[in-house]
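Input: one structure, supplied below.
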Amino acid sequence: MAGIALTPSGDFRESYRDDTTIFPTKVSRAVAVGSVALLCLAPLTGDRYLLSLMIQAGYLGIAALGLNILVGFTGQISIGHAAFFGVGAFSSAFLVDKGVPVFFSIPLAGLMTTAVGMVFGLPAARLKGLYLAIATLAAQFIIEDFFARARWFTGGVAGQVTKPFSLFGFSFDTNETYFYVVLAYVVVMFLFAANLMRTRDGRALVAVRDHYLSAEMMGINLTYYRTLSFGISSFYAGIGGALYAHYLLFVSVEAFNIVFSIQFLAMIIIGGLGSVMGSMMGAVFMVLLPEVVQTAVDILSGSAIDRALGLAGAISFIREMAIGAAIVLFLIFEPDGLAHRWRQIKAYWKLYPFSH
Amino acid sequence: MNWELLFQLTLNGLIVGALYGVVAMSFVLIYKASQVVNFAQGEFLLVGAWACWWLLTTFQMPFFLGFLITLAFMTIFGLVLQVVVLRPLIGEPVISVIMVTIGLSIFFQALMKWMFGVFAQPFPQIFATERVNIAGLEVQSVYLLSLAISVLIMAGFGWFFTVSKHGLAMRATAFDQQVAQSLGISVRQVFAMSWAISAVVSAVAGVVVGVVNGVSSALSFYGIKVFPAVILGGLDSVVGAVLGGLIVGVLENVAHFFDSEFLNWGNMFQIAPFYVLIIILMIKPYGLFGTKNIERV
């Protein structure tokens, strides 16, 4: 209901066009354009560490958005998203290795991941909910096993080295320059997702989620839309993975394990299922969580708690525990995620002194 | 073809498969009673085995005392999990419930690694290691013991569900919660009880595996191996779970045999059950014994 409270007075929607617009008011459009422009200035701060966090949040956010289209909009659960992220990373590295310029290899990697996603999406056409969750769990292990085995594709256990993004001879190999590449992809992919939700196809996906039997009776082809949503989700994962590959310039086989998959699920739950911007909030949360844990451990270092528990040596375990605890706590106390909380905060300030 | 090795591996598969069957049974127990797919089943094994190991090594307890305390602890552990974490989520969509168990799984896995380290720890010597000769095959006595315990647990489950009052109450709840409630069965208690029993039984399996192979975080992989077993047998069938466990146990060993003898792909031991899982989901998603859902609007 927070959404209704947010509509400013005088904004009467008189046509379907008005009702489905991305930015309902001039102010919201200005805020969106302004914040992208502000982000363009971020490299000027010169804080490379901050930039690296933002780049991570960017490519993870793209992949998380893909998962959100599958889970949040279509109601199909996937526990193998990291494997598809990995397919994207290895595909791009593989194509670059075969001589394709990086500029083309990233979208091509997205398409290759879509193809792989479709193979595993075929059972998805018949399955739903929990059965699909188990099928994607199997996909996670099968693809992970494939990475370790397919030396021609992934370089085997040694991993795959790849080249930085370059355009017209200019190489985007520093944090400052690569940031713009990721930002451009983030803007394009998020606009695409927001627009998708305004089309017939996007509304069909939501209908499949809300009541698939009613959707089918309204003439929505369930098989088609479930497979489509799996394909789109894999495409986003592939793009995210490719951006990851050309940022780190090295792709290792072990990176795409089930814990990483669970992190993607955690992102969309924390950000908010079925919210485009929530995916990005969740990704930012998940990137900042290790930093917060690190800071907390640093503050406690030397204290009695540190000596009793041996915090410093267990930092990676504490991070994993924090991820697990974040999932459980959000599901119990804030099941609609950060996006919902953000709407409530906005609604509160809109009516500030007289809010009830 | 090396027949002797094949037989040996099949026997191993049956022994391990019986353990899978036990874990799958306790997974199905939770699913039947409370419609929760528990992705944290493997962590029950892990927590139980580590708790028992800790009691035995730190306090030098005799095995049976430590074992009993572990079982008591696991009862409370299962109850607390159900009441604190799962109860607020009753009525939430299936995705939320799945995710919360995944969250629990990753949390406890990391906690156990933190508390006990990442390396496998052997149990203190409990039973003398002897080798028994069965039809020309050498089998360690601990393996036979583990098989015996598995069969015992399965028999116990059979008794529980067909004779005991609580087991019948649980079946009634699984059949229809409202009808069960109107007959005076406390559905809340049944939910809590199913989690407690499941935790205890899984912990027994965890201790058995720990005694045989040592305790390590690899134990939580049993929770993943449960999925091929239960999908094969049908998600809501206890008999199917046992059979599925046995089939998966034999399958992975036979796949390992054919892999090492002929194919040389490597790692088939771990992966073969998942290929089977995908195939089963494509052709017969309700498994061998599962109830087929008929949906009406």
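If I ask for residues that are without any contact (Cβ under 8 Å) to a residue 40 or more places away in the chain and crowded, with 20+ Cβ neighbours inside 10 Å, which ones from region A:325-356 would you list?
Correct list: A:VAL328 only.
Rundown of residues vs (1) within 13 Å of the chain's Cα centre (by Cα); (2) polar (S, T, N, Q); (3) closer than 25 Å to B:PRO122 by Cα; (4) crowded, with 20+ Cβ neighbours inside 10 Å, yes/no style:
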residue	(1), (2), (3), (4)
B:SER202	yes, yes, yes, yes
B:SER216	no, yes, yes, yes
B:VAL230	yes, no, no, yes
B:ASP259	no, no, no, no
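Would you pick out the residues in region A:121-153 that are under 23 Å from the mean Cα position of the chain (by Cα), more than 7 Å from chain B (Cβ to nearest Cβ) and part of a helix (DSSP H, G or I)?
A:GLY121, A:LEU122, A:ALA124, A:ALA125, A:LEU132, A:THR136, A:ALA139, A:GLN140, A:ILE143, A:GLU144, A:PHE147
Tell me, which residue of region B:75-118 that is of a type in the set (S, T, N, Q) and closer than 27 Å to A:LEU132 by Cα is surrounded by the fewest Cβ atoms within 10 Å (Cβ to Cβ)?
Top of the filtered list is B:SER96.
Identify all residues within region B:93-126 that are in contact with a helix residue (DSSP H, G or I) (Cβ under 8 Å, 6 or more places away or on another chain), free of Cβ contacts under 8 Å to residues at least 40 places away in the same chain and either not in a helix (DSSP H, G or I) or not β-branched (Val, Ile, Thr) (or both); write none if there are none.
Hits for region B:93-126 are B:SER96, B:MET99, B:GLY103, B:PHE107, B:ALA110, B:LEU111, B:TRP114.
Going by the conditions given, is B:GLU43 within 17 Å of the chain's Cα centre (by Cα) and within 12 Å of chain A (Cβ to nearest Cβ)?
Taking the combined requirement at face value, the residue satisfies it.
Ok, one more. Given the condition more than 14 Å from every other protein chain (Cβ to nearest Cβ), under 20 Å from B:ILE224 (Cα atoms) and surrounded by 19 or more Cβ atoms within 10 Å (Cβ to Cβ), answer yes or no: does some residue in region A:94-114 qualify?
No; the residues of region A:94-114 include none that is more than 14 Å from every other protein chain (Cβ to nearest Cβ), under 20 Å from B:ILE224 (Cα atoms) and surrounded by 19 or more Cβ atoms within 10 Å (Cβ to Cβ).
Ok, one more. Answer with yes or no whether A:GLY219 is on the phi > 0 side of the Ramachandran plot and within 14 Å of another protein chain (Cβ to nearest Cβ).
No: the conditions fail for A:GLY219.
Within region B:239-253, can one find any residue that is of a type outside the set (A, V, I, L, M), surrounded by 22 or more Cβ atoms within 10 Å (Cβ to Cβ) and either more than 15 Å from the chain's Cα centre (by Cα) or within 12 Å of chain A (Cβ to nearest Cβ) (or both)?
Among the residues of region B:239-253, at least one is of a type outside the set (A, V, I, L, M), surrounded by 22 or more Cβ atoms within 10 Å (Cβ to Cβ) and either more than 15 Å from the chain's Cα centre (by Cα) or within 12 Å of chain A (Cβ to nearest Cβ) (or both), which makes the answer yes.
Still on this structure, please answer the following. With the structure loaded, tell me whether A:GLY324 is small (Gly, Ala, Ser), out of contact with any helix residue (DSSP H, G or I) (no Cβ under 8 Å at 6 or more places or on another chain) and facing chain B (nearest Cβ under 10 Å) or whether it fails that test.
Here the answer is no, as A:GLY324 does not meet what is asked.
Where residues in region A:154-172 are touching a His at 6+ places or on another chain (Cβ under 9 Å) and either assigned to a loop (DSSP other than H, G, I, E, B) or within 14 Å of another protein chain (Cβ to nearest Cβ) (or both), which of them is surrounded by the most Cβ atoms within 10 Å (Cβ to Cβ)?
Restricting to residues being touching a His at 6+ places or on another chain (Cβ under 9 Å) and either assigned to a loop (DSSP other than H, G, I, E, B) or within 14 Å of another protein chain (Cβ to nearest Cβ) (or both), the top hit is A:THR162.
All of the numbers you see were taken from the coordinates with simple rules; none came from a lab. The structure displayed is predicted, hence computed values, not measured ones. Note that each Cβ is placed from the backbone with ideal geometry, even for glycine, and that neighbours are counted across all protein chains shown.
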